[in-house]
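The values are calculated or read from the model by the stated rules, or taken from the named source; none is laboratory data. What you see is a predicted model, and the numbers here were worked out from it, not measured in a lab. Heads up, the Cβs are rebuilt from the backbone with ideal geometry, glycines too, and the neighbour counts pull from every protein chain shown.
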Amino acid sequence: MVVGTGLTRRFGRTTALDGATFSVGPGITGLLGANGAGKTTLLGLVLGLHRPDGGSLRVLGLDPTRAGPEVRARIGYSPEHHRLPPDTRAHDLVRHIAEVHGLPRREATNRASDALWSVGLGEERFRPVGTMSTGQRQRVKLAQAIAHDPRVVLLDEPTDGLDPVQRDDMLALIRRIGTDLGIHVVVSSHLLDEVERICDSAVILREGRVVASGAIHALTGRGLGVLVEVDERADEVAGRLLLRGLETTVDGSRITIAHRPDQPAGATHDAVRDAVAEAGVGIRRLSDRTVSLEDVFLEVGV
Amino acid sequence: MSAPPQAGAARILDRGYRPYEGRRGGTVAAVRALTVHSVQRALGLKRPATQKILPALAVFIAYVPAIVFVGLTLLVRDTVLANENLVPSYGEYYSFISAAILVFSAFVAPELICTDRRTGMLGLYLASPLGRSSYLAAKATAVVVVLALVTLGPPLLMLLAFTIIGQGPDGPAALARLFGEMLLGGLVVAVLQASLSLAVSSTTTRRAAASAGIVLLLLASTAVSDALVDGAGAAPEWFCLDLVQLPFELVRRIYGERSTSVAVAGIQTGTLVAAYVGWTVLFAAFTWWRYRRIEVDR
């Protein structure tokens, strides 16, 4: 869907993107990074609003710098800010944006209603945007982004300003758009738990460079290594595991055992069983080692 | 036990989201949609009643003289006053509605482009098939269309009314010629005012500041020109600095009428046209340059 190779973009002396190479596939993709990491610049390049100083970018098979209007016609975009024309009714706004994306007026009118119903604003669709809450405005922004049936929708901080309940609703809505409606979604966010909850994959940026990317389960390393929690004498158990050639880390009663790709599946679990039995201690917990996105973030130095 | 729901009360609450496989317009369709939307917005259509007051007032001011002149012609046509030239010529009409033109110039462009930057709509438009140039083309077209409502509409109304009451041009050829002059004259006024007001509006996100800037620039240009030509006795060509009267003088020449000022009447038409084109291109280029540099809020 979106493939960038060695993308570089400078603004004066500032290098916003520095040789970024990544690939965004189908489903929901999180674009992660601290403020100034290059997320917004990357979205601008995808929309064809900036010309890269180096590298190449393909969006839906097209070069956005040469075919900007064609690319943007098939992309929906929801900005980070909440300022929309306050005296415009939600339905009029969504219909207008659908028309600007090339839909005939009658079709835009019907689809504006459908989109607003889909985001839960069916009953409120004829209210002026200025009378709506932040949560409702976020939904209006989402509705205008999907009304013209884009192939890809770019959402910039879609949960910004929402309370926890609204945030959960919005995340469920985004998940639904990416699965039930068949629209591929790119979510730009700095909230790791959100991305981990709803995204299939992620691209992590730091200072304009892609420092990690791939499927969420691969990034978080599920299934790589084992975590065991014992009643007592964790150091002794860890020592016995070390004798069996396993690399361990002890944190209180928890022992984290690194994955060894040269060992057959189940060998680590067998070693844990034997070590615990020899030490004569009880097991409180035995699970695959998981690494959160936060761990990945810290690991790559974001 | 509650009564069963009646079939007639049933309604569909969720139509469901469906893929769209139909035709999609490109940039041209986007420009058209934005132009229509902008014209509606400037006229206060589909907006609260308070937003309709100013455009309605400007249209009222522009059309009232035309209606009065037509009524006056009807009243005196069979009297001794019929030959007294009580009604101004088409070329002179603009002097009567200069206030309406000023109000519309100061209101329309700020409403259409300052609001888009202030409300973040510019970012949404530039994420559509519209680019910065096509966005400006749509906005400029909308401003010209709305201004033409007061620069072109009233003379057309007078022409229609005079033709109906038998005081219009003689024959279809004369009618077509006058219609062409009217169209050109109305556009000459609208295009310069649109170019100027867009340039001033591109410098701020505040509508009130833009409106004040437009009025000040127009009044200042008249004051400077008058001071140079009438006060300091400078060459009459300095009249070209007057951004209010310059298009009006061109309109007079389009209709083949003489200027009321002897000094202005002596200026070559080519000089006036060159000054007009120069100002229009300068303001348009400034607007385009500003929008090339504007950071879009995302």
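Condition first: surrounded by fewer than 21 Cβ atoms within 10 Å (Cβ to Cβ), in a loop (DSSP other than H, G, I, E, B) and in contact with a Leu (Cβ under 8 Å, 6 or more places away or on another chain). Can you find one or more residues in segment A:97-117 that meet it?
Checked against the condition, which is being surrounded by fewer than 21 Cβ atoms within 10 Å (Cβ to Cβ), in a loop (DSSP other than H, G, I, E, B) and in contact with a Leu (Cβ under 8 Å, 6 or more places away or on another chain), segment A:97-117 yields no hits at all.
Quick test for you: out of A:81, A:91, A:96, pick the one residue that is closer than 22 Å to residue B:112 by Cα, within 7 Å of chain B (Cβ to nearest Cβ) and at pLDDT 95 or above.
Of the residues listed, the single one that is closer than 22 Å to residue B:112 by Cα, within 7 Å of chain B (Cβ to nearest Cβ) and at pLDDT 95 or above is A:96.
Go through the residues of segment B:54-69 one by one and say whether even a single one is surrounded by 15 or more Cβ atoms within 10 Å (Cβ to Cβ) and within 30 Å of residue B:131 (Cβ to Cβ).
Within segment B:54-69, one or more residues are surrounded by 15 or more Cβ atoms within 10 Å (Cβ to Cβ) and within 30 Å of residue B:131 (Cβ to Cβ).
Every residue, every condition in (1) touching a strand residue (DSSP E or B) at 6+ places or on another chain (Cβ under 9 Å); (2) within 22 Å of residue B:119 (Cα to Cα); (3) in the same structural domain as residue A:143 (by TED's automatic domain parsing), yes or no:
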position	(1), (2), (3)
A:19	yes, no, yes
A:26	yes, no, yes
A:72	no, yes, yes
A:79	yes, yes, yes
A:94	no, yes, yes
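Among the residues of segment A:53-77, write down those that are away from chain B (no Cβ under 12 Å) and in a loop (DSSP other than H, G, I, E, B).
Residues satisfying the conditions are A:53, A:60, A:61, A:63, A:66.
Does residue B:33 fit the bill of being under 14 Å from the mean Cα position of the chain (by Cα) and in a helix (DSSP H, G or I)?
Taking the combined requirement at face value, the residue does not satisfy it.
Select from segment B:16-47 the residues that are facing chain A (nearest Cβ under 7 Å), hydrophobic (A, V, I, L, M, F, W, C) and farther than 21 Å from residue A:89 by Cα and list them in ascending order.
B:29
The rows are residues; the columns are (1) crowded, with 17+ Cβ neighbours inside 10 Å; (2) closer than 30 Å to residue A:157 by Cα; (3) β-branched (Val, Ile, Thr).
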| residue | (1), (2), (3) |
| --- | --- |
| A:190 | yes, yes, no |
| A:193 | no, yes, no |
| A:200 | yes, yes, no |
| A:205 | yes, yes, no |
| A:214 | no, yes, no |
| A:248 | yes, no, yes |
| A:257 | yes, no, yes |
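Residues A:115, A:145: which one is within 11 Å of chain B (Cβ to nearest Cβ) and modelled with pLDDT of 95 or more?
The unique qualifying residue is A:145.
Could you list, in sequence order, the residues of segment B:88-127 that are free of Cβ contacts under 8 Å to residues at least 40 places away in the same chain and farther than 30 Å from residue A:47 by Cα?
Residues satisfying the conditions are B:88, B:96, B:99.
Taking residue A:44 as the residue in question, decide whether it is more than 30 Å from residue A:14 (Cβ to Cβ) and either of a type in the set (Gly, Ala, Ser) or outside the structural domain of residue A:174 (by TED's automatic domain parsing) (or both).
No, not satisfied.
Kindly evaluate residue A:148 against the criterion of being within 18 Å of residue B:16 (Cβ to Cβ) and in a loop (DSSP other than H, G, I, E, B).
Answer is yes for this residue.
Hey, could you check segment A:149-165 for residues that are buried (at least 17 other Cβ atoms within 10 Å of the Cβ) and not charged (D, E, K, R) and say which is farthest from the other protein chains (Cβ to nearest Cβ)?
A:162
Considering only residues that are within 14 Å of another protein chain (Cβ to nearest Cβ) and in a strand (DSSP E or B), look in segment A:1-43 and name the one that is modelled with the highest pLDDT.
The extreme case among them is A:31.
Could you name every one of the helices (runs of 4 or more DSSP H) located completely within segment B:171-275 that has at least 1 residues being farther than 30 Å from residue B:118 by Cα and of a type in the set (Phe, Trp, Tyr)?
Correct list: B:171-201, B:245-254.
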